[in-house]
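Q: Dropping a structure here in structure tokens format, bear with me for questions.
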């Protein structure tokens, strides 16, 4: 563990905890608010982080079960990353990417190319995952315009998917609650089924379910027309959809259909990239595919600085360079593209990952998955699934119907509240609890996490029984 700073959060701000809560209600607009509380809401105040732990406003120490938001991969309070931020800011805090460049971004692009599968060779840096996916989609549109195929713009996405919050990236999302009250570019997106084996029809084998998914994809291409479809965008593991791990071989078969029909395959590794599955990228090393583009963010800096990007195939760039429209302009860029501080932090973060964190992740992941799997002993738990250091506990009213507890949509929040009291923060998703702790977690800390989660679920079962909501 790196040397720890003695600085306290209270030394960094003037306002006390009560003041921060009141100020938030008055002035801070939270993400994903409900209309009834928008602009008048304060959420759990976190003061400090250290390793796999965070401390809330009351001083309670909690295991950071979601690693922030899938992103604090090397843990909180890494002095190496803080020092790099300071050193880079003192050397060069910013440069305009329109007509200048910086050295950290060039070196980071090289290292990312070295780690990427296939012929992925060039990176466009963004500020996060949404802008990374947006960039990939805009590049697809530009690519087809230059090649004289302006009609080849439709995007294939899937149920359960989450790809961002910008207008076009959010249009790909396949979770109902994301789109119930929000508009999207529905004329550009074609939705497919989620590759969720747990929700497959009764009496359907995994092999048959996989064939169904592949046949549906192929039939959709035939029905819509390959000449109109520009890209397929898919997470190797659907993260915010509930850690949906696709059946073996499914992604390879989808990749082949895309290749056969000149459809760009965009692998969204905003969550799975930079260590979550024990590798820099999961597309090649875990799932054996070589996409045309990979989007990333989150773990690239372990959440210490907002940074994302899209890696693009050398083949695509070469086709553009050879085109008859050499003066065509890819009119896309961000003020903070290739930010020198973000890129410098990412370089040091890569060092930490490659110098031991990736190997530790691969070593501890089977233990993490096995210990969480024991929670299936609880009658409220329908399935525990995952890969690497990401997992989901899905609760159901009964295992035969797999009813996702429509009578109580706050089961995940109930479990989270009990776990918070016991010393664990989880990511509640309606009837699910998602776990994706910092990659530096130890076996003993995994045991602590699972023990608290077991007790939190048990207390929730007691609550539901007392209220007559559930009889399990």
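Q: Applying the selection to segment 317-346, what residues are assigned to a helix (DSSP H, G or I) and either out of contact with any helix residue (DSSP H, G or I) (no Cβ under 7 Å at 6 or more places or on another chain) or under 19 Å from residue 440 (Cβ atoms) (or both)?
A: Of the residues in segment 317-346, the ones assigned to a helix (DSSP H, G or I) are 317-321, 340-346.
Of everything in segment 317-346, those that are assigned to a helix (DSSP H, G or I) and either out of contact with any helix residue (DSSP H, G or I) (no Cβ under 7 Å at 6 or more places or on another chain) or under 19 Å from residue 440 (Cβ atoms) (or both) turn out to be 317, 318, 319, 321, 342, 345, 346.
Q: Scan (1) modelled with pLDDT under 95; (2) not assigned by TED's automatic domain parsing to the domain that holds residue 450 for the single condition residue 59 breaks and write down its number.
A: Tallying (1) modelled with pLDDT under 95; (2) not assigned by TED's automatic domain parsing to the domain that holds residue 450, residue 59 fails exactly one: (2).
Q: Right, another one. Looking at segment 153-167, can you tell me whether even one residue there is surrounded by fewer than 13 Cβ atoms within 10 Å (Cβ to Cβ) and under 22 Å from residue 292 (Cα atoms)? Working first, answer last.
A: First pass over segment 153-167, keeping only residues surrounded by fewer than 13 Cβ atoms within 10 Å (Cβ to Cβ): none.
No, segment 153-167 contains no residue that is surrounded by fewer than 13 Cβ atoms within 10 Å (Cβ to Cβ) and under 22 Å from residue 292 (Cα atoms).
Q: Taking segment 305-345, which residues are farther than 30 Å from residue 86 by Cα and in contact with a strand residue (DSSP E or B) (Cβ under 7 Å, 6 or more places away or on another chain)? Steps first, please.
A: Kept after step one, since they are farther than 30 Å from residue 86 by Cα, are these residues of segment 305-345: 312-331.
Within segment 305-345, 312, 313, 314, 317 qualify.
Q: From the list 220, 210, which residue is in the same structural domain as residue 171 (by TED's automatic domain parsing), touching a residue at least 60 places away in the same chain (Cβ under 8 Å) and not in a strand (DSSP E or B)?
A: Numbers: 210 fails: touching a residue at least 60 places away in the same chain (Cβ under 8 Å).
Only one candidate qualifies: 220.
Q: Is one or more of the residues making up segment 240-250 under 20 Å from residue 135 (Cα atoms), touching a strand residue (DSSP E or B) at 6+ places or on another chain (Cβ under 8 Å) and not assigned by TED's automatic domain parsing to the domain that holds residue 396?
A: Start the filter on segment 240-250 by keeping residues that are under 20 Å from residue 135 (Cα atoms), which leaves none.
No, segment 240-250 contains no residue that is under 20 Å from residue 135 (Cα atoms), touching a strand residue (DSSP E or B) at 6+ places or on another chain (Cβ under 8 Å) and not assigned by TED's automatic domain parsing to the domain that holds residue 396.
Q: Among the numbered criteria (1) touching a residue at least 60 places away in the same chain (Cβ under 8 Å); (2) on the phi < 0 side of the Ramachandran plot; (3) surrounded by fewer than 24 Cβ atoms within 10 Å (Cβ to Cβ); (4) assigned to a loop (DSSP other than H, G, I, E, B), which one does residue 276 miss?
A: Among (1) touching a residue at least 60 places away in the same chain (Cβ under 8 Å); (2) on the phi < 0 side of the Ramachandran plot; (3) surrounded by fewer than 24 Cβ atoms within 10 Å (Cβ to Cβ); (4) assigned to a loop (DSSP other than H, G, I, E, B), residue 276 violates only (3).
Q: Name the one entry in 121, 130, 58, 93 that is buried (at least 19 other Cβ atoms within 10 Å of the Cβ) and outside any strand (DSSP E or B).
A: Selected residue: 130, the only one of 121, 130, 58, 93 that is buried (at least 19 other Cβ atoms within 10 Å of the Cβ) and outside any strand (DSSP E or B).
Q: Okay, moving on. Could you tell me whether any residue of segment 316-332 is within 22 Å of the chain's Cα centre (by Cα) and either under 30 Å from residue 98 (Cβ atoms) or at pLDDT 95 or above (or both)? Let's see the steps before the verdict.
A: In the first step, residues of segment 316-332 are kept if they are within 22 Å of the chain's Cα centre (by Cα); the result is none.
No - not one qualifying residue is present in segment 316-332.
The values are calculated or read from the model by the stated rules, or taken from the named source; none is laboratory data. Since we're looking at a predicted model, the values are computed, not measured. No Cβ is skipped: glycine too gets one built from the backbone with ideal geometry, and neighbour counts run over all protein chains shown.
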